[in-house]
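A.B. asks: The structure is given below, and queries will be raised subsequently.
The values are calculated or read from the model by the stated rules, or taken from the named source; none is laboratory data. Everything numeric here is computed off the predicted structure, so don't read it as measured data. Neighbour counts run over all protein chains shown; Cβ positions are idealised from the backbone, glycine included. Ligands, DNA and RNA are excluded from the accessible area calculation, which covers all protein heavy atoms including side chains. Shrake-Rupley method; radii C 1.70, N 1.55, O 1.52, S 1.80 Å.
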Amino acid sequence: MLDLDAEVLHEYHADLLGRVHDAVPDARRIVDVGSGTGTGSLALARRFPQAEVLALDLSEQLLAHLAHRAHGLNIRTQQADLDEGLPALEPVDLAWASASMHHMADPDRVVAEILTALRPGGVFAVVELTGFPRFVAGDDNVEARLHTLLKAQHEEHVPHMGDDWGARLAKAGFTVEIERHFPIALTAPLPPATARYAEVSLLRLREKFAPDLGAADLAELDTLIGDLPNRGDLTVRTDRSLWLARRPL
């Protein structure tokens, strides 16, 4: 799903990487904090060909997926439980955390550790989202009901989603240089991978919430998923945010 996100939202991702590159164009050491499937690590390695990118993640399976895709790129992987502490690093020019900080049990500690890991003048780029993407219009359909369930789950289990990361960064001692919010609303003509992106995303929600849905909702959801390639009203709506913060000299 994350790989498809990068493909469908390629213009947004290019804008994001451009802003990060402008902030620290000569970065030589980059760390991807919570790299997941590695879309960020791959994009950073291509945007900063002079740099070594270190991808940190708890999942050995995802790190193996990234290593398989990183052929020819200067990317290293390291398994790390960031809730147990950031591993020892040489001074870093750029730290990148995309949709990972809200998963941290103690994000203030992680932010403080990243400040210490950065060289003076180094940059921490925090990219966050407010929720799952939406693909069909309307507030009275099965997708809307899935988002209601997901919001309740996030409030209980992912309490840091939607936090004011600018305030956290400033509290830790960073100078916040950019805070930019990206409301994304893609309509036709859409990128070719959009239907597949919607399918994978909605199947993930189906797997998560099937026990909470009635038979009618499940039937409506299965019809929606099956009809995605034929829908002329498909959209992609989501909100993303970027904070660029610098360690003072």
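A.B. asks: Determine, yes or no, whether E220 is among the acidic types (D, E) and touching a helix residue (DSSP H, G or I) at 6+ places or on another chain (Cβ under 6 Å).
C.D. replies: yes
A.B. asks: G166 versus (1) loosely packed, with under 15 Cβ neighbours inside 10 Å; (2) within 18 Å of the chain's Cα centre (by Cα): which is the lone unmet condition?
C.D. replies: That leaves (1) as the condition not met.
A.B. asks: Would a scan of segment 176-183 turn up a residue that is assigned to a helix (DSSP H, G or I) and loosely packed, with under 12 Cβ neighbours inside 10 Å?
C.D. replies: Within segment 176-183, none of the residues are assigned to a helix (DSSP H, G or I) and loosely packed, with under 12 Cβ neighbours inside 10 Å.
Residues checked against (1) open to solvent by 20 Å² or more (accessible area, probe 1.4 Å); (2) within 30 Å of A112 (Cβ to Cβ):
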site	(1), (2)
A198	no, no
P211	yes, no
L228	no, no
V236	no, no
R246	yes, yes
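A.B. asks: Give, as residue ranges, the helices (runs of 4 or more DSSP H) completely inside segment 50-168 that count at least 3 residues that are among the β-branched types (V, I, T) and either under 23 Å from R19 (Cβ atoms) or at pLDDT below 95 (or both).
C.D. replies: Hits in segment 50-168: 107-117.
A.B. asks: From G72, G131, G121, which residue is surrounded by fewer than 18 Cβ atoms within 10 Å (Cβ to Cβ), closer than 20 Å to P159 by Cβ and small (G, A, S)?
C.D. replies: None of the others qualify; the one that does is G131.
A.B. asks: Right, here's the next one. Restricting attention to segment 200-249, which residues are closer than 18 Å to A188 by Cα and not in a helix (DSSP H, G or I)?
C.D. replies: If the condition is that a residue be closer than 18 Å to A188 by Cα and not in a helix (DSSP H, G or I), then R231, G232, D233, L234, T235, V236, R237, T238 are the ones that fit.
A.B. asks: Give the residues of segment 134-160 that are in contact with a helix residue (DSSP H, G or I) (Cβ under 8 Å, 6 or more places away or on another chain), open to solvent by less than 40 Å² (accessible area, probe 1.4 Å) and of a type in the set (A, V, I, L, M), sorted by residue number.
C.D. replies: Listed by number, the residues that qualify are V136, V142, L146, L150, V158.
A.B. asks: Scan segment 1-16 for residues that are assigned to a loop (DSSP other than H, G, I, E, B) and crowded, with 21+ Cβ neighbours inside 10 Å and jot them down.
C.D. replies: Residue satisfying the conditions is L9 alone.
A.B. asks: With the requirement that a residue be of a type in the set (D, E, K, R) and either within 21 Å of the chain's Cα centre (by Cα) or open to solvent by less than 60 Å² (accessible area, probe 1.4 Å) (or both), what does segment 85-94 give you?
C.D. replies: D93
A.B. asks: When you look at V20, is it under 19 Å from S100 (Cβ atoms), touching a helix residue (DSSP H, G or I) at 6+ places or on another chain (Cβ under 9 Å) and either hydrophobic (A, V, I, L, M, F, W, C) or modelled with pLDDT under 95 (or both), yes or no? Steps first, please.
C.D. replies: On the way: under 19 Å from S100 (Cβ atoms): yes; touching a helix residue (DSSP H, G or I) at 6+ places or on another chain (Cβ under 9 Å): yes; either hydrophobic (A, V, I, L, M, F, W, C) or modelled with pLDDT under 95 (or both): yes.
Considered against the rule, which asks whether it is under 19 Å from S100 (Cβ atoms), touching a helix residue (DSSP H, G or I) at 6+ places or on another chain (Cβ under 9 Å) and either hydrophobic (A, V, I, L, M, F, W, C) or modelled with pLDDT under 95 (or both), V20 comes out as yes.
A.B. asks: Of all residues being within 16 Å of H71 (Cα to Cα) and among the charged types (D, E, K, R) in segment 17-47, which is least open to solvent (accessible area, probe 1.4 Å)? Just the residue, please.
C.D. replies: Pass one, segment 17-47, residues within 16 Å of H71 (Cα to Cα): 37-47.
Cutting the leftovers down to among the charged types (D, E, K, R) gives us 46-47.
Numbers: R46: 151, R47: 94 Å².
Residue satisfying both the conditions and the ranking: R47.
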